[in-house]
Structure formats: structure tokens, C-alpha cells
Amino acid sequence: MAPKDITGAEFNQTVRGEGITLVDFWASWCGPCRRFAPVFEKAAENNPDITFAKVDTEAERDLAGALGISSIPTLMVFRDDVLVYREAGALPASALDSLITQVRELDMDEIKRKIAEEEAAGAAQA
């Protein structure tokens, strides 16, 4: 399945909930973004069970600003409503495939338990 272009209004509903979502933040004038686009599209074709989304940072300046996107391309990966990866720079195909494998293998129960513990500790300090 081809990556879906999303707007700021669609961002939360796209990344929230169960499953894996990869979001590519890009711009048409960005050379590395243009080189990464076919890699991202091929990964989308090879992983139909994953949501692949693209955000045009020129058209969605408010969203990019709210998320602190200062360098593009930036890739964000969400799994089960948790941001598990965020990095600027174009990945080669092998690195993107490896990242997808690692995200699939995450123990989300353990990650969510750690998040809950950190939030509880932060609340206790406040």
C-alpha cells in the first residue's frame, strides 16, 4: 500500500491506537527527502500491515513546528500509541528494514509499564 499524505488535522488519528505507524516529514525542495521517498514507498509495499504516512512540512508548518521538526527528512515511528523512534536523516533501505523489524519485536507491555512508572515518579516529585 502506498504511503498516505496526511495533514495536521489527520495526524493524531493516524498515529494513535494499535499497530505500527511510520511518518515521514519531508519537503519537495529537500534532496535527501526525494532520495528517501522511494525507499519509504518500497517499505510500504513490503509491509502492508503497517501504516505509512507522509507530512509535507511546507504545507503543514504548524504541525512541523508543534512537533519540533527542525531537520528533514525526519522519520517518526509509533507503535500502539507510543512514539518509539524519532530521527532526522534519510535511511538506506537496509536500515529502514532493520528498524521495522526492531519495532515489530518490541515488548510494548514492558515499554508501557516503564512509561507508567516514569509518569508516577514524575507526579510524586511534583
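Oblate is the label for region 68-117. Its Cα gyration tensor axes, ordered a ≥ b ≥ c, give a/c of at least 1.5 and b/c at or above a/b. In the chain, a dipole from Cβ-located charges (positive for Lys and Arg, negative for Asp and Glu) runs towards its positive end, and of ALA116, PRO92, LEU106 it is PRO92 whose Cα lies farthest in that direction. Does anything in region 59-87 have its amide N under 14 Å from the 7 Å Cα→Cβ label point of ASP5, and if so which residues? The answer is 59-61. Modelled spin-label separation between ALA126 and ALA59, with each label point placed 7 Å from Cα along the Cα-to-Cβ direction: 3.7 nm.
Note on ASN46 and ALA93: the extension gain reaches 15.8 nm, defined as 0.36 nm multiplied by sequence separation minus the Cα-Cα distance.
Computing FRET efficiency as 1/(1 + (r/R0)^6) for ARG34 and ASP109, where r is the C-beta to C-beta distance and R0 is 41 Å, gives about 0.60.
Rg and Dmax of region 16-126, based on Cα coordinates, read 15.4, 47 Å.
The numbers here are math on the coordinates, done by the rules we state, and not lab data. For clarity, every value in this text was computed on a predicted model and none was experimentally measured. Please note: Cβ atoms are built from the backbone with ideal geometry, for glycine as well, and neighbour counts cover all protein chains shown.
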